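Visitor: Just passing along the structure, written as structure tokens.
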Amino acid sequence: MQLVWQCQDVLSIAFVSHPFTEAKIPLNTHRKFLSTLQFRRGYYLNNQRSTERDEHQMVNILLVTHGEFAQGITSALTLIMGEAKGYATVSLNIGQSPDAFLDELTMKVHSLYEDSEGSGVLVLTDLFGGTPCNCIARIMNEMGTKKIRCVTGLNLPMLIEVVSDRDEQDLPHLEETALAAGGKGMVSLAEKIFG
């Protein structure tokens, strides 16, 4: 299957149709995102060659959130990019004790770190200062920042970027990528398109 470009002029913005979802994506504001879809999904323009991601020496990713947020954003990621490897979620649920949550989280972080072959674990949390973030801080204190890093304020652009780039970047650089992508993902449509 080829990546098919269907461009049209809408308010002087080129849009492209995503080949799987038919969603219209502004070409001029999401070139890197579209490039990610092209190459990470294994499809090239006018070329049916598939690519295999090198899964060893890759930073693993853990989403830690309140409620079902982690599962919901994972569903969106899977729709856009397919199923991710070296990726897990842990949710703090209503009625769950902080100690039980910390135990579950500690086991998951250690498991992901072992699977990463020393590359590390990047944790993405929803809210700075919340229980998930505070528990990760305790684990970071135990393991050290060479093995685990955490970025708060999880959003979909951040998640797409780190999943796309984690086989090309080490843990500190991937943390920087998450911070940058999370901020760039917040855009005023009124200003960007109509302003």
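Visitor: Could you give the length gained by full extension between Phe128 and Ile193, i.e. 0.36 nm per residue of separation minus their alpha carbon distance, to one decimal place?
Guide: Taking Phe128 through Ile193 to full extension adds about 20.3 nm, to one decimal.
Visitor: What nm distance separates the two modelled labels at Ser75 and Lys184, each placed 7 Å from Cα along Cα→Cβ?
Guide: Each label point is offset 7 Å from its Cα along the Cβ direction, giving 2.8 nm.
Bear in mind that the values in this text are calculations on the coordinates, not laboratory data. Model, not experiment: these values are computed from the prediction. Cβ: placed from backbone, ideal geometry, glycine included. Neighbour counts: every protein chain shown.
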